[in-house]
Amino acid sequence: MLLGRLLTRLLGILLLALLALAGLAAAVFCIQSGHGTVSLPSLASDLHLADLRGTIATFLHRLEARGPSATVAALSGGGAILLGIVMIASLVPRRERLIVLSESENGVIAARRRVLAQAATALARQPRMVTGARARARPSRRKAGGRLRVRVDQSGDSPNAEVTRAVIAALQPLSESLPLRVRVRARKRRPAGRVR
Amino acid sequence: MPGGALTAGPHRRWRTSDDGRAIHGVLAVVQPDGRFELELHLIVAWPPGPLEQLAADLRGRVRAAAKRARLEGQLGQIHVHIDGVAGPGEALIDGVAGPDQPLAGEQA
């Protein structure tokens with residue numbers, strides 16, 4: 001994946017540079033009209049575009065034909081699509097699995113996202129009115145710490161705010177000393193098997 | 001140590017060889033200046049207390065042990081990774097250092 005990412009970036013830079021040069025050339029050769037020295041027809045002639053058109057026309061004609069050429073063309077197209085997918089996938093940033101809790105000259109203290117989420121889930125289940133909980137931890141992009149989002153299911157008629165306060169208090173052992181922003185969302189769930 | 005234990009991880013890859021025995025939960029890397037950078041992998045006991053304080057205490061114990069062994073000058077940064085939390089009722093069973101076992105160089 002690292003090699004794929006590197007190749008993708010180099011190729012991207014190269015293609016952008018070529019595109020910029022092509023745009024610059026097209027802009028420069030728009031100065032004159034007709035068949036002047038600095039005109040688009042002159043540029044087409046310098047680039048031998050007429051011969052290229054002939055070559056491409058022959059190639060496209062062969063591509064339309066049945067037989068081995070069509071098979072090669074289909075395989076090449078499929079390979080190009082796969083290569084493009086791999087290149088795009090390598091550009092997707094991998095999620096950080098560690099949340100840095102503190103960083104100093106003595107070293108780094110970090111915890112896995114899953115660890116914090118599991119601990120938060122278990123703590124969030126402690127209040128009596130909570131029937132289920134699910135937590136997610138995400139690291140901050142630029143600094144130490146991260147975000148903790150907890151979703152809890154509540155039973156009974158307690159107001160959501162009361163349940164939220166209880167869950168936040170239950171999470172205190174985890175959140176009081178860590179650089180985590182905690183967000184709790186409570187929702188009422190009907191108990192299963194209710195008969196109307 | 002109280003509150004946590006070193007862990008070699010699910011694939012037993014976080015460990016360092018020392019005189020034929022494996023020290024679980026510790027990775028040691030030699031820095032360009034010759035000092036050793038340590039990475040400690042930890043499972044914390046339930047309920048999880050102040051994690052940062054736990055990690056800082058562990059770091060302090062390592063530095064104290066290095067000082068007693070007169071290796072303080074060779075010790076570089078110490079990184080602590082918290083890789084797991086024991087569930088309620090679960091015992092900390094992984095690692096060489098159990099909840100009440102001393103680290104190498106410490107007195108029991």
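Got a sec? Which of A:Ala111, A:Ala73, A:Ala25 is hydrophobic (A, V, I, L, M, F, W, C) and in contact with an Asp or Glu (Cβ under 9 Å, 6 or more places away or on another chain)?
Exactly one residue qualifies, and that residue is A:Ala111.
Inside the stretch B:32-47, can you point out the residues that are open to solvent by less than 50 Å² (accessible area, probe 1.4 Å) and more than 12 Å from chain A (Cβ to nearest Cβ)? Write out each step before concluding.
Quick first cut of the stretch B:32-47, residues open to solvent by less than 50 Å² (accessible area, probe 1.4 Å) only: B:34, B:38, B:40-45.
The answer is B:Gly34, and nothing else.
Taking the options A:Arg141, A:Arg114, A:Arg165, name whichever one is free of Cβ contacts under 8 Å to residues at least 24 places away in the same chain, of a type outside the set (Gly, Ala, Ser) and outside any helix (DSSP H, G or I). Break it down into steps so the answer makes sense when it comes.
On the way: A:Arg114 fails: outside any helix (DSSP H, G or I); A:Arg165 fails: outside any helix (DSSP H, G or I).
Criteria check complete, one pass: A:Arg141.
Yes/no matrix, rows are residues, columns are (1) part of a loop (DSSP other than H, G, I, E, B); (2) among the charged types (D, E, K, R):
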| site | (1), (2) |
| --- | --- |
| A:Arg5 | no, yes |
| A:Thr8 | no, no |
| A:Ala25 | no, no |
| A:Gly34 | yes, no |
| A:Ala50 | no, no |
| A:Gly54 | no, no |
| A:Arg66 | yes, yes |
| A:Ser69 | no, no |
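For A:Arg97, all conditions in the list (1) within 30 Å of A:Arg189 (Cα to Cα); (2) more than 9 Å from every other protein chain (Cβ to nearest Cβ); (3) charged (D, E, K, R) hold save one; what is the number of the exception?
Of the numbered conditions (1) within 30 Å of A:Arg189 (Cα to Cα); (2) more than 9 Å from every other protein chain (Cβ to nearest Cβ); (3) charged (D, E, K, R), the odd one out for A:Arg97 is (1).
Taking the stretch B:37-74, which residues are more than 30 Å from A:Gln172 (Cα to Cα) and in contact with a Gly (Cβ under 6 Å, 6 or more places away or on another chain)?
Answer for the stretch B:37-74, where residues must be more than 30 Å from A:Gln172 (Cα to Cα) and in contact with a Gly (Cβ under 6 Å, 6 or more places away or on another chain): B:Glu37, B:Ala65, B:Arg68, B:Ala69.
Based on what the data block shows, is A:Val86 among the β-branched types (Val, Ile, Thr) and within 14 Å of chain B (Cβ to nearest Cβ)?
On the way: among the β-branched types (Val, Ile, Thr): yes; within 14 Å of chain B (Cβ to nearest Cβ): no.
The answer is no for A:Val86.
Kindly indicate whether A:Arg113 is closer than 20 Å to B:Pro50 by Cβ and among the basic types (Lys, Arg).
Numbers: closer than 20 Å to B:Pro50 by Cβ: yes; among the basic types (Lys, Arg): yes.
Criteria met by A:Arg113.
So A:Glu176 ticks every box in (1) touching a strand residue (DSSP E or B) at 6+ places or on another chain (Cβ under 9 Å); (2) open to solvent by 50 Å² or more (accessible area, probe 1.4 Å); (3) not hydroxyl-bearing (Ser, Thr, Tyr) but one. Which box is left unticked?
Failed condition: (1).
The values are calculated or read from the model by the stated rules, or taken from the named source; none is laboratory data. The structure displayed is predicted, hence computed values, not measured ones. Note that we place each Cβ from the backbone using ideal geometry, even for glycine, and neighbour counts take in every protein chain shown. Remember, those area values only see protein heavy atoms, side chains included, never the ligands or the DNA or RNA. Shrake-Rupley method; radii C 1.70, N 1.55, O 1.52, S 1.80 Å.
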